[in-house]
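Written out below as structure tokens is the structure these notes cover.
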Amino acid sequence: MYNTGTISVKTAVYQTVTIDINIRTVYDITVKVMVYHEKLNSRRRKAMSISMIGIDHTAASVDIRAVFAFTRKNVGEAMEKIKEKKGIHGCIILSTCNRLEVWASMEDDSDISLYDCLCEVKGVRDASYYQYFVERKEKEAAEHLFYLTAGLKSQIMGEDQILTQVKDALNLAREHFAADGVLEVLFRMAVTAGKKIKTEVPFSHGNPSVIHQAVKFLASQGYSLRNKVCMVIGNGEMGKVAAQVLKEAGADVTVTIRQYRSGMVNIPFGCKRINYGERMDYLPKCDLVVSATASPNFTLREELFEQIKLQKTLILIDLAVPRDIEPEIGRMEGVTLYDMDSFHTDEIPAELQEHLTAAGTIVQAHMDEFYQWFDGRDVIPRIQEIKEDAVQDLNLRIMKILKNTPMEEIDRERLLKAVDTAAGKVVNKLIFGLRDSLNQEAFLECVAGLEKLYED
């Protein structure tokens with residue numbers, strides 16, 4: 001099966017010496033060197049852990065959350081800066097209106113504070129904000145992400161906007177080369193679970209959002225939107241959803257458009273448009289105004305209201321973080337101001353409660369799959385080495401028999417190849433069977449014992 005060959009070597013006295021070699025011997029030596037170096041690298045490889053720190057609507061007001069809010073542009077820069085920290089291998093930042101979370105995969109022995117990293121990139125020096133944050137590690141952190149992505153930790157139970165937001169956070173981290181393998185798999189599996197719930201669990205089919213909750217709240221107060229004059233400031237994703245919901249409720253809806261935007265600007269069907277600069281001229285005619293922009297500045301300021309006269313009572317709904325509408329406006333006569341936190345409720349409607357068990361079962365199944373991958377990611381290369389050593393050991397024993405067995409060389413090669421494949425499958429079955437039947441600690445002891453069998 002294995003041919004011999006020759007190599008020419010120049011000695012120190014410039015004489016050429018021809019040496020007969022066995023190619024199998026060279027191959028075996030090469031493999032042993034590669035395995036040795038891989039074992040060294042495996043031992044040197046630092047144990048990894050998953051950590052996150054977050055702030056959300058349950059613990060902090062809109063104004064506090066605004067201190068740590070990111071735009072799409074600066075969140076990418078922040079992830080890059082945090083990943084540069086020694087001991088951090090990957091970083092993903094999830095920034096929405098309701099929450100801000102910093103995720104990192106880091107070395108187990110690292111003492112890096114993600115809160116300090118966040119404050120550094122945001123230029124925050126006030127330590128008192130720490131009380132509003134929650135830190136989670138390892139399985140607690142992973143479980144949080146799975147339930148969050150499924151919409152089971154949202155201000156509105158079952159909403160699926162968070163699924164898109166988590167997916168966008170992962171994609172942005174990829175663009176900035178901030179996500180490592182651990183965070184990539186964690187976020188991808190969480191998104192997969194969220195998609196399955198969106199498809200299979202009825203409570204998520206309604207696509208609820210804060211504006212849906214706001215409309216429902218107003219209706220419970222006896223306020224009908226039919227034929228009401230409404231203006232939506234902002235034509236981003238949330239602005240478009242708000243305009244569509246108001247239109248479906250029977251309102252006369254006008255959307256503001258920035259003049260500097262080039263090309264075609266799409267607004268929901270049936271809505272009218274005005275330039276953003278004309279919003280204060282149109283506002284006195286309105287019954288309700290929603291502002292939902294990503295602007296760092298107020299879209300409606302108190303001084304602007306001093307220059308106009310309201311024709312009727314006005315409802316303002318601020319869906320932005322940081323705020324779009326200056327809070328002092330809410331104290332004006334005839335004005336009622338709501339913000340993102342105004343529609344929070346701990347009550348779970350009866351029609352949603354019955355579907356939570358089904359959603360939880362899906363989440364648990366995907367979490368188990370992630371834990372299996374995460375717990376085994378370091379041991380799999382070791383199992384591969386054991387398999388290769390075992391197959392090589394079997395080959396050496398079989399070769400002694402085959403040398404004295406009369407058969408064609410091609411048949412001998414085919415037989416050895418078949419034995420290699422079969423032996424590899426048997427070893428895999430045995431080892432992974434142990435993994436499935438033993439606890440993690442006992443299984444790792446078995447792996448360590450098998451490794452000792454083939455130590456040189």
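Checked against the criterion of being under 25 Å from MET48 (Cβ atoms), assigned to a helix (DSSP H, G or I) and in contact (Cβ under 8 Å) with a residue 60 or more places away in the chain, the candidates LEU118, LEU148 yield just one match: LEU118.
Against the test of being in a loop (DSSP other than H, G, I, E, B) and at pLDDT below 80, the options ASP456, ASP436 yield a single qualifying residue, ASP456.
When residues in the range 385-416 are screened for being among the hydroxyl-bearing types (Ser, Thr, Tyr) and either touching an Asp or Glu at 6+ places or on another chain (Cβ under 9 Å) or touching a residue at least 12 places away in the same chain (Cβ under 8 Å) (or both), 0 of them pass. Every listed requirement among (1) surrounded by fewer than 17 Cβ atoms within 10 Å (Cβ to Cβ); (2) touching a residue at least 24 places away in the same chain (Cβ under 8 Å); (3) of a type in the set (Asp, Glu) is met by ASP160 save one, (1). Does the range 278-285 contain any residue that is part of a strand (DSSP E or B) and either assigned by TED's automatic domain parsing to the domain that holds MET238 or closer than 14 Å to VAL232 by Cβ (or both)? No, there is no match, as no residue in the range 278-285 is part of a strand (DSSP E or B) and either assigned by TED's automatic domain parsing to the domain that holds MET238 or closer than 14 Å to VAL232 by Cβ (or both). Looking across the range 35-82, just one residue is out of contact with any helix residue (DSSP H, G or I) (no Cβ under 9 Å at 6 or more places or on another chain), at pLDDT 90 or above and charged (D, E, K, R), and that is GLU80. Looking only at the range 301-320, decide whether some residue is on the phi > 0 side of the Ramachandran plot and either modelled with pLDDT of 95 or more or more than 40 Å from the chain's Cα centre (by Cα) (or both). So far as the range 301-320 goes, no, none of its residues is on the phi > 0 side of the Ramachandran plot and either modelled with pLDDT of 95 or more or more than 40 Å from the chain's Cα centre (by Cα) (or both). Among the criteria (1) free of Cβ contacts under 8 Å to residues at least 40 places away in the same chain; (2) buried (at least 17 other Cβ atoms within 10 Å of the Cβ), the one SER128 does not fulfil is (2).
The values are calculated or read from the model by the stated rules, or taken from the named source; none is laboratory data. What you see is a predicted model; the values in this text were computed from it and never measured. Heads up, the Cβs are rebuilt from the backbone with ideal geometry, glycines too, and the neighbour counts pull from every protein chain shown.
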